[in-house]
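What follows is a single structure, written as structure tokens, with notes after it.
The values are calculated or read from the model by the stated rules, or taken from the named source; none is laboratory data. The structure presented is a predicted model; accordingly, all values stated were derived computationally and were not measured. We place every Cβ from the backbone using ideal geometry, glycine too, and count neighbours over all the protein chains shown. Please note that ligands, DNA and RNA were not included when accessible areas were found on the heavy atoms of the full protein model with its side chains. Shrake-Rupley method; radii C 1.70, N 1.55, O 1.52, S 1.80 Å.
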Amino acid sequence: MKIIHSIGIIFFLLLAVALPSHAGIVVTDAGGRSIPVDRPFTRIISLYGAHTRNLDTLGLDDEIIGICPMDKWTGKPTFSYHDGLEKFLAARPDLVLIRPMIDRAYAALVKGMERSGIVVVSLQPGSVEQMFDYWLKLGTLTGKDYQARQMVSTFKNEITEITSVTRTIPNKKQVYFEAIHSRMKTFTPGSVAIFALETAGGINIAQDAPSVRGTNIAFYGKERILSHAHEIDVFLAQKGAMNQPTIKEIKHEPGFDVIRAVKDDQIFIVDEKIVSRPTMDLLKGIHTIADILYPEVFEKRRLQ
């Protein structure tokens with residue numbers, strides 16, 4: 001009887017080891033879906049550049065069978081929400097990662113994939129705290145929990161180092177951070193881009209910017225920008241697929257000649273991929289902005 005009992009214990013121990021480590025875990029996405037994760041997904045299509053970048057940072061490769069057209073990953077087929085359902089079905093993904101904009105605008109495609117048994121997960125954090133949770137969810141979905149926790153830890157440690165320098169800077173510079181030039185839009189307070197600015201030691205001049213349709217983009221308008229003309233030390237603008245400003249264009253915008261930053265040639269363009277996307281590249285964006293605002297401070301730090 002003791003032998004049988006021992007065999008039974010060993011069997012259950014082996015069974016426990018064999019069980020997937022994700023058993024019982026549920027991930028809730030931005031669309032309210034509850035996705036049980038019994039085992040990591042291994043055939044993933046990413047339809048958002050930030051997802052793709054984060055999956056790469058997590059150490060995935062063979063598991064990624066499709067990326068969006070704007071991404072660069074050698075050998076990976078591209079997929080778009082403009083593609084027909086058949087293309088997705090032919091690829092046989094077990095997970096398609098999207099963001100809320102796709103969920104809203106391409107509902108027929110999303111529902112078609114779900115009816116065909118493909119798991120769809122919509123994620124896009126609106127703040128840095130949400131970004132940490134987002135990374136951890138990606139880690140859970142892909143079996144890279146440890147790597148996701150390391151991303152969070154590394155990011156937080158680097159932010160602590162940067163803020164130890166910027167918090168002591170006197171007379172911090174006031175900045176207008178442009179999101180879309182043609183529409184005179186900026187970013188909402190608390191957004192990833194404003195976090196980058198403030199962590200770098202800048203003061204956001206547009207702290208009263210109202211959100212557009214619940215997004216991180218905020219309408220500000222020329223009149224309100226010009227009301228701060230004599231306060232704006234630095235005019236910062238992001239450049240990306242939806243916004244292609246140039247220093248010349250900003251400098252010659254009618255009425256902008258009264259802005260202090262414009263008069264002092266303190267206009268700078270930064271890549272949206274390092275200031276607006278919820279990836280580890282945000283650290284590069286923060287360093288880039290810090291070097292723009294306080295070059296002498298960070299040059300001295302590098303020489304120490």
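Out of all the residues in region 147-159, is one or more within 22 Å of Ile35 (Cα to Cα), surrounded by 12 or more Cβ atoms within 10 Å (Cβ to Cβ), in contact (Cβ under 8 Å) with a residue 24 or more places away in the chain and in contact with a Pro (Cβ under 9 Å, 6 or more places away or on another chain)? The answer is no, given that none of the residues of region 147-159 is within 22 Å of Ile35 (Cα to Cα), surrounded by 12 or more Cβ atoms within 10 Å (Cβ to Cβ), in contact (Cβ under 8 Å) with a residue 24 or more places away in the chain and in contact with a Pro (Cβ under 9 Å, 6 or more places away or on another chain).
Checked against the criterion of being farther than 30 Å from Pro245 by Cβ, of a type in the set (S, T, N, Q), in a loop (DSSP other than H, G, I, E, B) and at pLDDT 95 or above, region 113-129 has at least one qualifying residue. Of the residues making up region 239-255, just one is in contact with a strand residue (DSSP E or B) (Cβ under 6 Å, 6 or more places away or on another chain) and either polar (S, T, N, Q) or surrounded by fewer than 14 Cβ atoms within 10 Å (Cβ to Cβ) (or both), namely Asn243. Between Leu109, Leu123, Leu97, Leu136, the distinction of being among the hydrophobic types (A, V, I, L, M, F, W, C) and open to solvent by 60 Å² or more (accessible area, probe 1.4 Å) belongs to Leu136 only.
Within region 283-293, identify whether any single residue is in a helix (DSSP H, G or I) and open to solvent by 60 Å² or more (accessible area, probe 1.4 Å), and answer yes or no. Before you say what the answer is, go through the steps one by one.
Residues of region 283-293 that are in a helix (DSSP H, G or I), as a first pass: 283-293.
Filter again for open to solvent by 60 Å² or more (accessible area, probe 1.4 Å), leaving 284.
Among the residues of region 283-293, at least one is in a helix (DSSP H, G or I) and open to solvent by 60 Å² or more (accessible area, probe 1.4 Å), which makes the answer yes.
Does region 160-167 contain at least one residue that is in contact with a helix residue (DSSP H, G or I) (Cβ under 8 Å, 6 or more places away or on another chain), under 30 Å from Asp38 (Cα atoms) and buried (at least 17 other Cβ atoms within 10 Å of the Cβ)? Checked against the condition, which is being in contact with a helix residue (DSSP H, G or I) (Cβ under 8 Å, 6 or more places away or on another chain), under 30 Å from Asp38 (Cα atoms) and buried (at least 17 other Cβ atoms within 10 Å of the Cβ), region 160-167 yields no hits at all.
Hey, among the residues in region 256-282 that are among the charged types (D, E, K, R) and either within 16 Å of the chain's Cα centre (by Cα) or surrounded by 15 or more Cβ atoms within 10 Å (Cβ to Cβ) (or both), which one's nearest to Leu58 (Cα to Cα)? Break it down stepwise before answering.
Restricting attention to region 256-282, the residues satisfying the condition of being among the charged types (D, E, K, R) are 257, 260, 263-265, 271-273, 277, 281.
With the extra rule that they be either within 16 Å of the chain's Cα centre (by Cα) or surrounded by 15 or more Cβ atoms within 10 Å (Cβ to Cβ) (or both), the set shrinks to 260, 271-273, 277, 281.
Numbers: Arg260: 43, Asp271: 22, Glu272: 21, Lys273: 18, Arg277: 16, Asp281: 13 Å.
Ranking the candidates gives Asp281 first.
Among the residues of region 197-220, those that are out of contact with any Phe, Trp or Tyr (no Cβ under 9 Å at 6 or more places or on another chain) and assigned to a helix (DSSP H, G or I) comprise Glu198, Thr199.
Among Ile203, Ile259, which is under 27 Å from Lys156 (Cα atoms) and not charged (D, E, K, R)? Spell out the reasoning first.
Details: Ile259 fails: under 27 Å from Lys156 (Cα atoms).
None of the other options fit; the residue is Ile203.
Condition (residue is farther than 24 Å from Asp271 by Cβ, free of Cβ contacts under 8 Å to residues at least 24 places away in the same chain and surrounded by fewer than 22 Cβ atoms within 10 Å (Cβ to Cβ)) applied to region 56-67: is it met by at least one residue? Yes, region 56-67 has at least one match. Glu223 satisfies every condition listed in (1) at pLDDT 95 or above; (2) in contact with a helix residue (DSSP H, G or I) (Cβ under 8 Å, 6 or more places away or on another chain); (3) outside any loop (DSSP other than H, G, I, E, B) except (2).
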